[in-house]
Amino acid sequence: MPPQNPPHTRRMRGFEPAAGLLKDRLRTAGESRGFAVTRLLTQWAEIVGDDIAANAVPVKIGYGRGGLGATLTLLTTGARAPMLEMQKDRIRDRVNACYGYAAIARVMITQTAATGFAEGQVAFGAAPAAETTKPSAEAVQAATEAARPVHDPGLRAALEALGQNVLTRSGQRKG
């Protein structure tokens, strides 16, 4: 018997939503990591709250041999792990509310990825940049005078910039 061709699916005209094109691939990738409900990955901040989502990302859901109660593994940095440790019950309750039943029995906090180094890079939001102020004329003059005896022009320029930054910041602290 010859292999049957899959039924022809009609493509939309024009642009298609990216979510529709990637839906099957995301589901396959998520299910391989134990995420049967991809909503946990895509709406993590809404489920657990912005404060927890800024400090941790879900890495894996592992099921035990009995099949009852899974373990959710979260990835975080070392300094944030104790704070997340105290919020395990809150995280478990919110994730179970997403599933609609008590799917998660345990929450495990890790500082490295469960599978490999490439996936274990924590990519949390960066701290906001500090305001920069222009150095005063006095700070520029003092830094130039301090770096004048240096003969290497690259080193002299670096020392002038450092001196300007130090003098500008020390002036901000006094004021």
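The values are calculated or read from the model by the stated rules, or taken from the named source; none is laboratory data. What you see is a predicted model; the values in this text were computed from it and never measured. Note: ideal-geometry Cβ built from the backbone for every residue, glycine included; neighbour counts use all protein chains shown.
Within the range 89-109, can you find the residues that are under 20 Å from the mean Cα position of the chain (by Cα) and not basic (Lys, Arg)?
Correct list: Ile91, Val95, Val107, Met108, Ile109.
So, in the range 91-139, how many residues would count as being at pLDDT 75 or above, within 22 Å of Thr71 (Cβ to Cβ) and surrounded by 10 or more Cβ atoms within 10 Å (Cβ to Cβ)?
19
Take Glu46 and decide whether it is charged (D, E, K, R), farther than 30 Å from Arg169 by Cα, in contact with a helix residue (DSSP H, G or I) (Cβ under 9 Å, 6 or more places away or on another chain) and at pLDDT 65 or above.
Yes.
Quick grid of which residues meet (1) of a type in the set (A, V, I, L, M); (2) in a helix (DSSP H, G or I); (3) touching a strand residue (DSSP E or B) at 6+ places or on another chain (Cβ under 6 Å); (4) assigned by TED's automatic domain parsing to the domain that holds Thr110:
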| residue | (1), (2), (3), (4) |
| --- | --- |
| Glu46 | no, yes, no, yes |
| Ile52 | yes, yes, no, yes |
| Asn55 | no, no, no, yes |
| Ile61 | yes, no, yes, yes |
| Leu74 | yes, no, yes, yes |
| Pro82 | no, yes, no, yes |
| Ile91 | yes, yes, yes, yes |
| Asn96 | no, yes, yes, yes |
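Of these, Ala157, Ala79, which one is closer than 30 Å to Leu41 by Cβ and modelled with pLDDT of 80 or more?
After ruling out the rest, the residue left standing is Ala79.
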